[in-house]
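Read through the structure below, which is laid out as structure tokens, and then see the notes.
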Amino acid sequence: MPRCLTAISDIEVEYQDDDGELVSMKYGEGDDTIVVATTRAETMLGDTAVAVHPEDERYKHLVGKLIRLPLTERSIPVVADEHVDPEFGTGAVKVTPAHDPNDFEIGQRHDLPSLTVMDEHAVITAHGPFQGLDRLEARSAIVAALRAEGRIVAEKRPYVHSVGHCSRCKTTIEPRLSMQWWVKVGPLAKAAGDAVRDGKVKIHPQEMEKRYFDWVDNLHDWCISRQLWWGHRIPVWYGPNGEVVCVGPDERPPGTEAEGWKQDTDVLDTWFSSGLWPFSTLGWPEQTESLAKFYPNSVLVTGYDILFFWVARMMMFGLYAMDGTPPFHTIALHGMVRDQFGKKMSKSFGNAVNPLDWMDKYGSDALRFTLARGANPGVDVPIGEDWVQGSRNFANKIWNATRFALMNGATVDGPLPDPAKMSATDRWILSRLNSVVAEVDAFYDDFQFAKLSDALFHFAWDEVFDWYVELSKTTFQAGGEAAEVSKRVLGEVLDVTLRLLHPVVPFVTETLWTTLTGGESVVIAEWPADSGFRDRAAEQEIGTLQSVITEVRRFRADQGLQPGQRVPARLALDGTALAPHEAAIRQLLRLQPEGESFTATATLPVAGAEVALDLSGTIDVAAERKRLAKDLAAAEKEKAQSTAKLGNEAFLAKAPENVVDKIRTRLAKADEDITRIQAQLDRLPQA
């Protein structure tokens with residue numbers, strides 16, 4: 001690598017399309033002329049052959065002959081090799097074994113010499129007029145010299161082609177033959193693949209297995225030496241008489257520098273060192289207590305981007321060093337964090353985020369929960385500041401709900417009351433709590449962190465905080481035994497909910513749980529278990545209650561009533577399951593008892609019950625009718641226009657499908673608006 005001045009492995013090379021040039025040039029003389037094309041003309045100085053396909057009739061007369069290599073005093077052979085694609089270009093390729101990995105393999109098959117014509121800085125070292133030139137300078141100079149000799153057949157600029165770049169510094173890679181340390185990975189890679197195929201190790205999500213097999217089943221020998229100043233230095237010493245000695249971790253070097261012994265200056269590839277982590281950190285090769293206790297580990301949770309860099313290396317080394325025992329039984333792969341539009345975060349894009357800034361602004365819990373809520377297996381996590389802000393609001397909601405419970409005497413002492421003494425509301429929330437415990441356990445077992453976070457968010461916010469806490473207020477105000485029962489139920493619900501939330505919202509839940517329960521720490525608390533309690537009748541009853549309250553709230557909003565504005569109402573609940581909940585319904589909907597002058601100006605039949613409202617004096621009926629009539633006319637106009645377009649065959653034949661879909665969506669929306677507005681008008685009294 002000309003900038004980092006080190007060897008790198010194949011997986012550290014990133015390919016991208018670059019603008020280059022494709023030059024076609026003549027090798028040989030007279031009838032022995034052959035045309036080759038290249039994007040790296042400077043490497044011709046190191047050519048040691050021209051290769052053609054064995055079945056290519058155009059060049060069979062040349063195979064085995066020597067032809068003159070331009071600009072040099074050398075002649076090189078024409079060889080037949082099946083690697084060559086006869087349909088690409090001229091069907092003949094120049095072979096530079098020291099500066100191209102494919103050419104190196106051709107050279108090995110045909111016993112060709114390898115001539116290194118560039119140093120580690122990509123500067124030409126071959127004797128002659130180009131010596132000392134940088135590779136790009138040499139490229140232009142060599143093409144000019146070939147052109148002067150009349151050997152340039154064609155030039156194509158720009159020529160877009162895939163070029164390897166260093167994954168760290170983004171500099172163009174320069175393949176170059178050099179002495180390095182290697183690992184023969186064939187047996188290691190096979191063992192790593194077999195461990196997954198045999199079920200010893202499971203990859204989650206399972207579809208990632210194909211990517212894993214594609215890599216380990218086609219793995220080349222691994223170059224593990226690096227010419228860097230950081231890393232584990234290769235433990236090899238060279239003696240004054242050509243000795244080569246590998247020194248173990250507890251062994252002393254065979255001699256001193258004064259005696260002519262020198263240690264190899266290279267260091268190990270980072271991923272070689274990292275691959276040793278599961279056992280080398282536990283005292284290996286000694287059979288320590290830690291090694292026996294912690295190897296193998298259980299689950300490795302990591303990003304899919306290092307499945308090849310690190311995970312497979314740990315698998316290979318663990319199986320080799322630990323007698324066929326893999327380092328973990330499950331590999332759970334998550335995605336990369338990206339911006340809210342799904343783009344990779346980058347300073348050059350201007351979309352990079354410093355997570356510490358968000359932590360300072362919204363809290364660590366908010367950032368952690370946002371990431372967990374987006375962590376679907378193997379899928380990238382888009383994240384935006386407004387999502388972190390929403391998670392901060394959730395943390396505040398947890399805090400305020402627990403504070404309400406503490407202020408109202410919620411307790412965790414003693415067993416839960418007998419269900420026979422509980423209200424339907426109490427039985428409903430306990431039934432839902434146990435269902436959520438079971439659901440969250442299943443998601444954890446399947447590494448579905450996003451789904452379990454979402455399930456906890458909606459249960460905690462929608463059901464516990466927005467419904468159970470609000471419904472409990474009426475019970476607490478009434479006092480008596482029912483209030484004491486609900487206080488114990490509320491304490492139980494918050495205790496379990498805080499424990500469930502702790503892995504994804506750790507700091508707020510730690511403070512609230514220890515305050516609520518008096519326990520030492522939620523970290524060492526017992527994980528919640530599903531008690532098996534279910535009450536479907538209570539769930540259905542409270543579901544009906546929720547639908548009534550939701551429908552009336554929607555009607556109030558449609559009429560422009562403020563949330564806190566009180567409205568006289570008559571509730572016809574006798575004979576329904578909603579009768580015991582009248583006080584709660586009135587409190588949550590801000591409904592006053594009907595007075596002597598009560599006049600039902602709007603009636604809502606909901607869930608088998610009837611809610612009659614007296615809106616006189618609360619809204620200007622005439623003005624409201626006028627507003628709704630205007631909205632209805634607009635919706636009907638939209639429907640007419642959309643219907644006309646969709647009925648026009650000429651339009652449908654020419655319009656793109658996405659445009660037609662948008663019009664269909666507008667038509668459906670217009671139908672919904674017409675139905676909704678007409679219902680609002682029907683409910684209003686006559687002006």
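With respect to Arg625, is the statement that it is in contact with a Pro (Cβ under 8 Å, 6 or more places away or on another chain), surrounded by 14 or more Cβ atoms within 10 Å (Cβ to Cβ) and part of a helix (DSSP H, G or I) true? When the stated conditions are applied, Arg625 does not pass them. Do you know which of the residues in the range 468-496 that are among the small types (Gly, Ala, Ser) and over 37 Å from the mean Cα position of the chain (by Cα) is most open to solvent (accessible area, probe 1.4 Å)? This residue is Ala478. The residue list Gly193, Gly199 contains one member that is of a type outside the set (Val, Ile, Thr) and open to solvent by less than 30 Å² (accessible area, probe 1.4 Å), which is Gly193.
Of all residues in the range 614-635, those satisfying the criterion of being touching a residue at least 60 places away in the same chain (Cβ under 8 Å) and either under 17 Å from Val548 (Cα atoms) or of a type outside the set (Lys, Arg) (or both) are Leu615, Ser616, Ile619, Val621, Ala622, Glu624. Scanning the range 451-467 for residues that are closer than 16 Å to Ile542 by Cα and either surrounded by fewer than 18 Cβ atoms within 10 Å (Cβ to Cβ) or aromatic (Phe, Trp, Tyr) (or both) yields Phe459, Asp462, Phe465, Asp466, Trp467.
Pairs are defined by a Cβ separation below 8 Å, a sequence spacing of at least 6 or placement on different chains, a first member in the range 660-674 that is at positive phi, and a second member that is open to solvent by less than 50 Å² (accessible area, probe 1.4 Å) and of a type in the set (A, V, I, L, M, F, W, C); no pair meets this definition.
For (1) modelled with pLDDT under 85; (2) part of a strand (DSSP E or B), each residue gets a yes or a no:
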| position | (1), (2) |
| --- | --- |
| Met1 | yes, no |
| Gly20 | yes, yes |
| Val36 | no, yes |
| Gly64 | no, no |
| Ile67 | no, yes |
| Leu71 | no, no |
| Glu82 | no, no |
| Thr90 | no, no |
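Residues of the range 561-584 include at least one that is outside any strand (DSSP E or B), under 44 Å from the mean Cα position of the chain (by Cα) and polar (S, T, N, Q). A count restricted to the range 9-38 and to residues that are in contact with a helix residue (DSSP H, G or I) (Cβ under 9 Å, 6 or more places away or on another chain) and surrounded by 15 or more Cβ atoms within 10 Å (Cβ to Cβ) stands at 11.
Residues considered: Val216, Val185. Of these, the only one that is among the aliphatic types (A, V, I, L, M), crowded, with 16+ Cβ neighbours inside 10 Å, closer than 20 Å to Phe308 by Cα and more than 25 Å from the chain's Cα centre (by Cα) is Val185. For beta carbons closer than 6 Å, sequence separation of 6+ or different chains, a first residue in the range 383-398 that is closer than 19 Å to Leu512 by Cβ and a second that is of a type in the set (S, T, N, Q), the qualifying pairs are Ser391/Thr370.
Of all residues in the range 110-155, which are part of a helix (DSSP H, G or I) and either surrounded by fewer than 14 Cβ atoms within 10 Å (Cβ to Cβ) or free of Cβ contacts under 8 Å to residues at least 40 places away in the same chain (or both)? Hits for the range 110-155 are Leu136, Glu137, Ser140, Ala141, Ala144, Arg147, Ala148. Answer with yes or no whether Ile106 is under 42 Å from the mean Cα position of the chain (by Cα), surrounded by 15 or more Cβ atoms within 10 Å (Cβ to Cβ), modelled with pLDDT of 90 or more and part of a helix (DSSP H, G or I). The answer is yes for Ile106. Pairing residues of the range 287-309 that are at positive phi with residues that are at pLDDT below 95, at Cβ distances under 7 Å and at least 6 apart in sequence or on separate chains, gives no pairs at all. Here Phe349 meets the list (1) in contact with a strand residue (DSSP E or B) (Cβ under 9 Å, 6 or more places away or on another chain); (2) surrounded by fewer than 21 Cβ atoms within 10 Å (Cβ to Cβ); (3) in contact (Cβ under 8 Å) with a residue 24 or more places away in the chain almost entirely, failing just condition (3). Residues in the range 669-685 that are open to solvent by less than 40 Å² (accessible area, probe 1.4 Å) and assigned to a helix (DSSP H, G or I) were compared, and the one that is farthest from Val552 (Cα to Cα) is Ala670. With respect to Ala612, is the statement that it is closer than 30 Å to Thr601 by Cα, open to solvent by less than 50 Å² (accessible area, probe 1.4 Å), modelled with pLDDT of 90 or more and not β-branched (Val, Ile, Thr) true? No, not satisfied.
Just one of (1) open to solvent by less than 50 Å² (accessible area, probe 1.4 Å); (2) at pLDDT 90 or above; (3) in a helix (DSSP H, G or I) fails for Val50. It is (3). Would you check if there is a residue in the range 650-668 being closer than 30 Å to Thr603 by Cα and open to solvent by 70 Å² or more (accessible area, probe 1.4 Å)? Checked the range 650-668: no residue is closer than 30 Å to Thr603 by Cα and open to solvent by 70 Å² or more (accessible area, probe 1.4 Å). On the given criteria, is Lys421 over 23 Å from Ala537 (Cα atoms) and either in contact (Cβ under 8 Å) with a residue 12 or more places away in the chain or within 29 Å of the chain's Cα centre (by Cα) (or both)? Judged against the criteria, Lys421 is not a match. Restricting attention to the range 353-385 and to residues that are among the hydroxyl-bearing types (Ser, Thr, Tyr) and open to solvent by 20 Å² or more (accessible area, probe 1.4 Å), the residue that is nearest to the chain's Cα centre (by Cα) turns out to be Ser364. Restricting attention to the range 156-175, the residues that are open to solvent by 90 Å² or more (accessible area, probe 1.4 Å) and either touching an Asp or Glu at 6+ places or on another chain (Cβ under 7 Å) or modelled with pLDDT of 90 or more (or both) total 2. Of the conditions (1) assigned to a loop (DSSP other than H, G, I, E, B); (2) over 23 Å from Phe447 (Cβ atoms); (3) not charged (D, E, K, R), Phe404 satisfies every one except a single condition; which number is it? With respect to (1) assigned to a loop (DSSP other than H, G, I, E, B); (2) over 23 Å from Phe447 (Cβ atoms); (3) not charged (D, E, K, R), Phe404 is out only on (1). Being touching a Ser or Thr at 6+ places or on another chain (Cβ under 8 Å), polar (S, T, N, Q) and open to solvent by 40 Å² or more (accessible area, probe 1.4 Å): is that true of Ser423 here? Considered against the rule, which asks whether it is touching a Ser or Thr at 6+ places or on another chain (Cβ under 8 Å), polar (S, T, N, Q) and open to solvent by 40 Å² or more (accessible area, probe 1.4 Å), Ser423 comes out as yes. Take the range 222-279 and flag every residue that is open to solvent by less than 40 Å² (accessible area, probe 1.4 Å), farther than 17 Å from Met179 by Cβ and not in a helix (DSSP H, G or I). Those that are open to solvent by less than 40 Å² (accessible area, probe 1.4 Å), farther than 17 Å from Met179 by Cβ and not in a helix (DSSP H, G or I): Gly239, Val247, Gly248, Gly255, Gly260, Trp261. Note on the range 587-609: residues that are open to solvent by 40 Å² or more (accessible area, probe 1.4 Å) and not in a strand (DSSP E or B) total 10.
The values are calculated or read from the model by the stated rules, or taken from the named source; none is laboratory data. Not measured: the values here are computed from a predicted model. With ideal geometry, Cβ positions are generated from the backbone for all residues, glycine too; neighbour counts draw on all protein chains shown. Side chains included, ligands, DNA and RNA excluded: accessible areas come from the protein's heavy atoms. Shrake-Rupley method; radii C 1.70, N 1.55, O 1.52, S 1.80 Å.
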